[in-house]
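First the structure, in the form of structure tokens, and then the observations on it.
The values are calculated or read from the model by the stated rules, or taken from the named source; none is laboratory data. What you are looking at is a predicted structure, and each value in this text was computed from that prediction instead of being measured. Cβ atoms come from the backbone with ideal geometry, glycine included; neighbour counts cover every protein chain shown. Ligands, DNA and RNA are stripped out before the accessible areas are found, and what is left, the full protein with its side chains, is counted by its heavy atoms. Shrake-Rupley method; radii C 1.70, N 1.55, O 1.52, S 1.80 Å.
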Amino acid sequence: MKGDSFYAEAVRIRHRCYLLFCALSEEMERLWRGKFYFPLLLGITLSAVVFHEAVLGASALLMITAWMFLFCPDIMAGISSVCVMTLLATEHYTEMGAFLPCLPVAFIAAVSLVTHLLVWPLELRIGRSCRGLLLVSAAAIMGGMGALSQTQALKPMSLYYSLGLGVMLLGVYLLTRAQMAKEGGEEMLRRFAGLFYTMGLCAAGVILWAYIEHWDPMAAIHAAPDLRWRNFVTTVLLTTLPVPFAFAVRHKAHLLSAVVLTASLMVTGSRMGLLFGAIEIVLCCFYLVRWGVISKRVMRVLLLLGAGAAVILAPMILAVALGGRTGANDFRGSDLIRLQLLARSVEDFLRYPLFGIGLSNPANADLYPVVEGSMVFYHNLPAQVMGSMGMLGIVAYGVLIHDRVSLLRSGHNPWSDMLGLCYLGMLLVSMINPGEFCPFPNAVMITMAFSAVEEAVNDPSLSPAQLNTGWYRIWSGPWKPALRK
């Protein structure tokens, strides 16, 4: 009798725990699908920036990540908080070791992710992007064979780049693609775009606070502050700038956010922000015309006014935005280094044509100083592929970019076109900066974006069961719509 009562009590406790878990799960899903989740992440991030508590803010966002992995059925909820957290790196940009106290919380988040996949298993979907990511994984791991010592190849930072640019991105793609295929619909795309939107606003907030803190020295020299992390924030802004334009298709008030992001781009102190930001704004205006937000006549007027303002205000904008970067950061010196790196990439390719010298090879550190937690970049995407991964990398990235472009051309709607502009922003950045060769958050953002593009254009995908008879279609696409889930 005593044993029976103990068993009955255990069953009741288990049932109550299950009901509590279900209630928490429903509430967290309601929070994720509601209007307050992204503002919550934005508020925590900007508060940490304002009060100079980046480590505390990162720990808080990682705890939210762990909580959402445990109790929210949508894996994107936890991934979103991690992505937004990366904006806190601006406070310790040259000393990433300051975030080591966050490792225990990061471990909890990793365990929560595994638990999430056990509680809410996902049916993997293999789409068009998979082929290129598989090849890039092979190129990143094999890059440097014959040129890189085993000791150097097995260093933590080397593994971060060789695995992060391949295997990690493949894992991110499989998880996000499966989640998006499971849910589908415009609401899913809207929430995913909300992640990019939040990151863009966070980047703008970081710029604004930097100006507020440096106002007195700025007023003295009449120039923007020299921000060490300007290129990182500029990359985020260029990648997320098109998002408010997509939301403006439904509500034109979002164009105000576009103005905020554009203004932030102009004052980062980055030349690529000025140049590529102007290009992207023009393309976004064409986007607004294509989807009926403004007429062609209005667009012509806006472009003429913008061109006129640029001509009149260009000297003042250049003086203010770039005036703080003289002396030690002389442009001519940095441009000469970039040209030398391009020449060095050709030399490295000719010496090791098959696999390059490897992503983590420090051979070019004599030309460009390495920031803590970073590899030696060539600061140009074709040069990086050629010098670091040789012919294998050229083939891998050629296939990846070809598949992405063909995917964007296979269907058009406001969301896929917007994500195509986001990708263009990242490609432009990658021509003169690390860009897509930064695994997290840059490469992860683009990988998730193309998971969303595949869903937005209803691109065919395969399940593991279908791979038994149709695995070869991964290499021979496009695939038949009949293979769609």
Only helical DSSP H runs with n ≥ 4 go in: add -39500 (n - 2.57) per run for the chain, normalise by residue count and round the 222 nm mean residue ellipticity to 500 deg cm²/dmol.
-> -23000 deg cm²/dmol
Using Cα pairs under 8 angstrom and six or more residues apart, how large is the relative contact order of the chain, in percent?
-> 21
Return one whole number: the accessible area per residue of the chain in Å², for a 1.4 Å probe.
-> 46
Which of (1) 24.9; (2) 33.4; (3) 27.2 is the computed mean projected area of the Cα convex hull in nm²? It is (3)
For Met445, Met168, give the ranking by accessible area with the largest first, probe 1.4 Å.
-> Met168, Met445
Leaving ligands, DNA and RNA out of it, report the carbon-plus-sulfur percent of the accessible area of the chain at a 1.4 Å probe.
-> 71
Would you grab the residues whose amide H sits under 5 Å from the one on Gly356? Only those 5+ places off in sequence or on another chain, please, with H modelled 1.01 Å from N.
-> Gly144, Gly390, Met391
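Just to verify a number: FRET efficiency for Phe21 and Lys252, C-beta to C-beta distance, R0 = 51 Å, to 0.05?
Details: r = 42 Å, r/R0 = 0.83.
According to the calculation, E is roughly 0.75.
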So what's the angle, to the nearest 10 degrees on a 0 to 90 scale, between helix 54-71 and the longest Cα principal axis of the chain?
-> 30
Along the charge dipole of the chain, which of Ala23, Trp215, Tyr378 sits closest to the positive end, that is, farthest toward it, with unit charges on the beta carbon of Lys, Arg, Asp and Glu (+1, +1, -1, -1)?
-> Ala23
How many angstrom separate the Cα center of region 32-51 from the Cα center of region 112-172?
-> 30
Give a residue-ordered list of calculated ³J(HN,Hα) values for region 153-166 (Karplus: 6.51 cos²θ - 1.76 cosθ + 1.60, θ = phi - 60°; whole Hz; x for Gly, Pro).
-> 5, 9, 5, x, 5, 5, 5, 4, 7, 5, 8, x, 7, x
